[in-house]
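What follows is a short report on a single structure.
The values are calculated or read from the model by the stated rules, or taken from the named source; none is laboratory data. Fair warning: this is a prediction, and the values are worked out from it, not measured in the lab. Quick reminder, even Gly has a Cβ in these numbers, built from the backbone with ideal geometry, and neighbours come from all protein chains shown.
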Amino acid sequence: MRKSPLFLLLVFAGGILLSFSAAFAQEKLIFGYSAPGLGDEGQWNIQKGFVDKCKELGIEVIVTDAQQSAEKQNNDIETLIARGVHAICAVPHDSAAISIAVQKCNEAGIPFFTIDRGVTAGKVVLTVKADNVKAGAIAGEVMLRLLQGKYNGIAKGKVLEIRGQPGQDVAEQRAQGFHQVLEKYPDIQIISLPGYWNTEEGFKITVDTLTANPDLDGIYYHADLYIPGIVEGVKAVKGEFAKVGEPGHIFILGIDGNPAGLDQVEAKLADGVVVQPLRDYGALIVPIIVDYLKRGEEALPKPGTVLVEEGASWSPAMVVQTAAGLEIWTNVFYVDYLGAGDPNLWGNKPRE
């Protein structure tokens, strides 16, 4: 009898739990976690989810903070190697620069995993991140609808896109999805500029672009960390900020769902945000790391598999084989001011 996808998923999940019990019985596991910078709300939440899942499974975890320095992150990972951790998981600050540290892990025989972003060289066992192409496409569809609403059904207008780090997979994919939707309409102009994941850069880009283009209709940003700079930038140029529904409002929407982003949406300063399940990445990847240490490659989910867990914000997730390696792309979804106050959203959860 042919087994259903749900049956196969349950077998997969059960295998993880059984393998963990056997591995844990043999020795105390120690994982290393390398954060690019814990001053960022999103990154703090990613590591929080990872640490919480490790604690739940009785795993010791050593967390390092690269403080937005590619050099420090490489040094941090070398320190984790020296401390003899069983596996390392990182959110790369710089996808190219971290490849040096990844290759050192490979040489040391320490499995390397990533969350949120991939790397350009070296062997990464598995990456868990949002379906960033889908996130960009959702943002594009919302922006299209807003522009059509403003111009009586006609798809036209001028939109600023504040991107992430040039060349980084996350930024490229969030741009890809957005452009796939809007580039079908020749009367929509996209002004695309890199913000380097920096709030102050977002402010500068907003001021410069709005000054040169007073007819700007909308702003799409790649991460909520740009929100404070965008709002202040609009105020600096226009002298005031028109909220959603008010005359002169500039459509603002993006990706993440962090506290600042949700607050701006709920206050009608921004139109909406595409939420990615940052707190749940750890819950998804930690058991897989454990099982990989026990069973190797056979423990990894197969490309094309759809992972489902009732009630989990990351579900459903698709397992994808990319040029960079094996990845799990989690679910993403859009919220406006009506849903921005939902206490179940990671950005509304207390730090604890």
Which of (1) surrounded by 20 or more Cβ atoms within 10 Å (Cβ to Cβ); (2) modelled with pLDDT of 95 or more does LEU278 not meet, given it meets every other one? (2)
Within the range 304-330, the residues that are polar (S, T, N, Q), touching a residue at least 60 places away in the same chain (Cβ under 8 Å) and buried (at least 20 other Cβ atoms within 10 Å of the Cβ) are THR330
Which residues, counting only those in the range 204-240, are part of a loop (DSSP other than H, G, I, E, B) and crowded, with 16+ Cβ neighbours inside 10 Å? LEU216, ASP217, HIS222, ALA223
Looking only at helices (runs of 4 or more DSSP H) that lie completely in the range 68-153, which have at least 2 residues being in contact (Cβ under 8 Å) with a residue 40 or more places away in the chain? 70-82, 132-150
Filter the range 318-334 down to residues that are more than 19 Å from VAL124 (Cα to Cα) and out of contact with any helix residue (DSSP H, G or I) (no Cβ under 7 Å at 6 or more places or on another chain), then give me how many there are. 2
Can you tell me which residue within the range 36-56, out of those that are under 17 Å from HIS86 (Cα atoms) and crowded, with 17+ Cβ neighbours inside 10 Å, is nearest to the chain's Cα centre (by Cα)? PHE50
Could you list, in sequence order, all residues of the range 316-352 that are among the aliphatic types (A, V, I, L, M) and assigned to a strand (DSSP E or B)? ALA317, MET318, VAL319, VAL320, LEU326, ILE328, VAL335
Positions within the range 170-203 being under 20 Å from the mean Cα position of the chain (by Cα) and part of a loop (DSSP other than H, G, I, E, B), in sequence order: GLY195, TYR196, TRP197, ASN198
